[in-house]
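The values are calculated or read from the model by the stated rules, or taken from the named source; none is laboratory data. Nothing here was measured: the structure is a model prediction, and the numbers come from that model. Positions of Cβ are generated from backbone atoms using ideal geometry, with glycine treated the same way; all protein chains shown enter the neighbour counts. Each accessible area value is taken on the protein alone, full model and side chains, heavy atoms only, with ligands, DNA and RNA left out. Shrake-Rupley method; radii C 1.70, N 1.55, O 1.52, S 1.80 Å.
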Amino acid sequence: MARLSVKPGQRFTVQDWHTNSQLISSDAERQRSASHQVRQEARALRNKTTNQAKWDEHNNQTRLDERISSTNRWKETLDQCLAAIDAEIDALSKVKEAAELALQAKNLPLDVSVECLTLRESRRAIDVVRDPVEEELHKEVKLIDKAKRELQQRVSEAFQELCLLQAARQQLSHDQRCKVEALEIDGMCLSLNVNSPNISFKVNPTRVPEGSTTLAEWEQHSQCNKEHAEAEMKASSRLREATVLAIAQTSNELEAQRVATEFALRKRMRELESAYDELKWQEQNTLEEIAELEEDIQHLEEDLRRRTEDLKVAQTRLETRTNRPNKELCRDQVQYGLTDEVQQLRGTICALSQKLQQSQDTLDALSRQLHRIQTDSGYKANSLMLDKKCMDIRQKLLVPAPKFMPEVDAFNGSTN
């Protein structure tokens, strides 16, 4: 007969079996509940993290947009400031060039004035006077020297201000280039997404880079650059106005002095011409008087010679009548008449001799006066010739100089 095989091991009861089934079911339910809880928490975390990531990304996108807009506004402000400072540099350079040309143009009036002074040193004797013309020429030289010093100072100030403007422009340009570079970087960051090919993990990306500044410091830096440039442009504008005013003022002063000098020169020339004409009139009259006096002297000499001959005749008659014999030697009317004639002739000869000597002395005085008149006339002619040369030399000053037309103020739009 067949035998029933008996398996070794423990035998469980039905109750154990039911208990085991219930335990397994309970464990399954617990595990499912735990799994459900985990799933719910995972879903909540996913939703939270997804929303947080989206909001963070959105907020950072917005911040990048705002940052780009802020940087771009400052870039546009700096661009405008750069354009304004470039215009101011150009305007100041033109004013500086105009001042240099005005300074160079002062050399001709100075040379003319010095040449006139040197030329008038050739006057002779009494004509070497410190007349109004010489005083005006000295004033002109001093005024030109003063104008040259003032214009040279303006040129130096303009050069220094141009250096300051260039320095301010370099700061603006550097800040503007940094803004452009920052805009490019932020624009690239704004365009990045999960599909971008150049994204990757970075080593310690949250570190604070060396040399980082705060937002207030960043804005203050650009504001300081802008204010510094505007201050320099205002200073340059004031300097341009002062320089243009100095150019106009010195030109007007020199023109007024030139007119005053030439007025004095023309007046002096009229005085010289009048004095020269007067001397020529005096010379002519003196020559006529000398001619008449010489003729009268000839007549006096002729009369003196004749009266001398008459005296000889009268004295000879008297001497001859002393030879009358005896009683014939009487003092008759002839004797008295001849005696009176001799005395009268002697007086006449003496008077004629004195008058002849006086006439000769007068002729000598007239000759000396004529020589003096002719000499002084020569001096006047020489002085008149020198002043005419001065007037000819000063014709160089009548060439119209190029006028400087003021530019429109680059900073505030006003016309200087």
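Observations on the structure shown:
- Condition check for residue 32: under 29 Å from residue 190 (Cα atoms) and either open to solvent by 60 Å² or more (accessible area, probe 1.4 Å) or touching a strand residue (DSSP E or B) at 6+ places or on another chain (Cβ under 7 Å) (or both): no
- Meets criteria (among the hydrophobic types (A, V, I, L, M, F, W, C) and touching a Ser or Thr at 6+ places or on another chain (Cβ under 7 Å)) for residue 183: yes
- Qualifying residue in segment 43-61 (condition: among the basic types (Lys, Arg) and open to solvent by less than 60 Å² (accessible area, probe 1.4 Å)): no
- Subset of segment 115-133 that is assigned to a loop (DSSP other than H, G, I, E, B) and in contact (Cβ under 8 Å) with a residue 24 or more places away in the chain - its residue that is surrounded by the most Cβ atoms within 10 Å (Cβ to Cβ): 131
- Cβ-Cβ under 7 Å pairs, at least 6 apart or on other chains, segment 266-280 side of a type outside the set (A, V, I, L, M, F, W, C), far side not in a helix (DSSP H, G or I): 268/131
- Within segment 186-232, the residues that satisfy the criterion of being open to solvent by less than 90 Å² (accessible area, probe 1.4 Å) and of a type in the set (A, V, I, L, M) are 190, 192, 199, 216, 229, 231.
- Test: residue in segment 80-91 that is free of Cβ contacts under 8 Å to residues at least 24 places away in the same chain, closer than 30 Å to residue 156 by Cα, assigned to a helix (DSSP H, G or I) and among the hydrophobic types (A, V, I, L, M, F, W, C): yes
- The condition of being in contact with a helix residue (DSSP H, G or I) (Cβ under 6 Å, 6 or more places away or on another chain), of a type outside the set (Gly, Ala, Ser) and closer than 30 Å to residue 273 by Cβ holds for only one of 136, 100, 161, that being 136.
- One residue stands out among those in segment 281-321 that are open to solvent by less than 70 Å² (accessible area, probe 1.4 Å) and of a type in the set (Ser, Thr, Tyr): the one that is farthest from residue 353 (Cα to Cα), which is 286.
- Matching residues, segment 147-177, being touching a residue at least 12 places away in the same chain (Cβ under 8 Å), farther than 15 Å from residue 90 by Cα and within 20 Å of the chain's Cα centre (by Cα): 147, 148, 150, 151, 152, 154, 157
- Residue list for segment 278-305, restricted to those being more than 17 Å from residue 369 (Cβ to Cβ) and among the charged types (D, E, K, R): 295, 296, 301, 302, 303, 305
- Just one residue in the set 101, 110 is within 60 Å of the chain's Cα centre (by Cα) and open to solvent by less than 70 Å² (accessible area, probe 1.4 Å); that residue is 110.
- Some residue of segment 137-149 being open to solvent by 40 Å² or more (accessible area, probe 1.4 Å), at pLDDT 90 or above and closer than 30 Å to residue 222 by Cβ: no
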